[in-house]
Amino acid sequence: DVKVTQSSRYLVKRTGEKVFLECVQDMDHENMFWYRQDPGLGLRLIYFSYDVKMKEKGDIPEGYSVSREKKERFSLILESASTNQTSMYLCASIPPGTGYGYTFGSGTRLTVV
Amino acid sequence: AQSVTQPDIHITVSEGASLELRCNYSYGATPYLFWYVQSPGQGLQLLLKYFSGDTLVQGIKGFEAEFKRSQSSFNLRKPSVHWSDAAEYFCAVADMDSNYQLIWGAGTKLIIKP
């Protein structure tokens, strides 16, 4: 089975800090995604990547950037954390063009104080 | 635009009772449809998926879903729920014009009464 690992389950950061959320998958998938999940708002796509060094903005990219230097690793960066970025962050990966559905990591609950 | 609607934000069911969670989609072509489950504090796990063929699909944990094209629905069912089924359930449709990105419903939270 595909495994998607998010490096931290819980993080507490201060306003203005630069925050890195790491995601690693072990099945050589090209496609990887970052979502945030908030009560009542469902899952919202922040960024996605179809291959190394490729990235595309999702629905809510403001305040975020991403890095994909190796196929297995997709990092989400909060350039200057703000309290409105307190959320659950979910990473997912999928093989290209198959429609098989995503495999998700366990999530990182980020609190910005 | 494609969309997925889960009309029920919360559903409460007694343990041992049957369950049906509703999902309606708006998509022009034949949809790829999914149901995911999220236990508290966890990521999402794929329950089942529909691509084509038999409109009744079986998934893990005893769940099934039925695709009804005429009603644009993909409702999730389970004949007898267990306390461990308490979770949030998400319906999604794959957008094949965007490399199979998923379009998500807002989720339905299932509460189990003892």
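Residue count for the stretch A:67-84, restricted to those that are more than 19 Å from A:THR103 (Cβ to Cβ) and open to solvent by 10 Å² or more (accessible area, probe 1.4 Å): 8. Could you tell me whether any residue of the stretch A:36-51 is more than 17 Å from A:GLN85 (Cα to Cα), without any contact (Cβ under 8 Å) to a residue 40 or more places away in the chain and over 12 Å from the mean Cα position of the chain (by Cα)? Taking every residue of the stretch A:36-51 in turn, at least one turns out to be more than 17 Å from A:GLN85 (Cα to Cα), without any contact (Cβ under 8 Å) to a residue 40 or more places away in the chain and over 12 Å from the mean Cα position of the chain (by Cα).
Taken residue by residue, the stretch B:7-24 has at least one member that is modelled with pLDDT under 95, facing another protein chain (nearest Cβ under 10 Å) and under 22 Å from A:LEU90 (Cβ atoms).
Scanning the stretch B:41-69 for residues that are within 20 Å of B:PRO79 (Cβ to Cβ), aliphatic (A, V, I, L, M) and within 14 Å of chain A (Cβ to nearest Cβ) yields B:LEU47, B:LEU48, B:VAL57, B:ILE60, B:ALA65. Counting only strands (runs of 3 or more DSSP E) that fall entirely inside the stretch B:1-65 and contain at least 1 residues that are in contact with a Lys or Arg (Cβ under 6 Å, 6 or more places away or on another chain), open to solvent by less than 50 Å² (accessible area, probe 1.4 Å) and of a type in the set (A, V, I, L, M), the qualifying elements are B:19-21. The one condition from (1) hydrophobic (A, V, I, L, M, F, W, C); (2) closer than 23 Å to B:TYR36 by Cα; (3) out of contact with any Pro (no Cβ under 9 Å at 6 or more places or on another chain) that A:ILE46 does not meet is (3). So A:THR15 clears everything in (1) hydroxyl-bearing (Ser, Thr, Tyr); (2) out of contact with any helix residue (DSSP H, G or I) (no Cβ under 9 Å at 6 or more places or on another chain); (3) open to solvent by 80 Å² or more (accessible area, probe 1.4 Å) except one condition, right? Which one? The number of the failed condition is (2). Filtering the stretch B:73-110 to residues that are in contact with a helix residue (DSSP H, G or I) (Cβ under 6 Å, 6 or more places away or on another chain) and not in a strand (DSSP E or B) leaves nothing. One residue stands out among those in the stretch A:46-66 that are of a type outside the set (Gly, Ala, Ser), assigned to a strand (DSSP E or B) and more than 11 Å from every other protein chain (Cβ to nearest Cβ): the one that is most open to solvent (accessible area, probe 1.4 Å), which is A:LYS57. Within the stretch A:91-113, being within 14 Å of another protein chain (Cβ to nearest Cβ), crowded, with 19+ Cβ neighbours inside 10 Å and either at pLDDT 95 or above or touching a Cys at 6+ places or on another chain (Cβ under 9 Å) (or both) holds for A:CYS91, A:ALA92, A:SER93, A:PHE104, A:GLY105, A:GLY107, A:THR108, A:LEU110.
Take A:GLN37 and tell me if it is more than 13 Å from chain B (Cβ to nearest Cβ), closer than 24 Å to B:ALA106 by Cβ and either touching a Lys or Arg at 6+ places or on another chain (Cβ under 9 Å) or open to solvent by 20 Å² or more (accessible area, probe 1.4 Å) (or both). The answer is no for A:GLN37.
The single condition among (1) away from chain A (no Cβ under 14 Å); (2) within 30 Å of A:TRP34 (Cβ to Cβ); (3) open to solvent by less than 50 Å² (accessible area, probe 1.4 Å) that B:ILE111 does not meet is (3). Being within 11 Å of the chain's Cα centre (by Cα) and outside any loop (DSSP other than H, G, I, E, B) is the filter here; which residues of the stretch A:21-35 pass it? Those that are within 11 Å of the chain's Cα centre (by Cα) and outside any loop (DSSP other than H, G, I, E, B): A:LEU21, A:CYS23, A:VAL24, A:MET32, A:PHE33, A:TRP34, A:TYR35.
The values are calculated or read from the model by the stated rules, or taken from the named source; none is laboratory data. Keep in mind the model is a prediction, meaning the values are calculated, not measured. Don't worry about glycine lacking a Cβ; one is built from the backbone with ideal geometry, like all the others, and counts go over all protein chains shown. Only protein heavy atoms, including side chains, enter the accessible area calculation; ligands, DNA and RNA are left aside. Shrake-Rupley method; radii C 1.70, N 1.55, O 1.52, S 1.80 Å.
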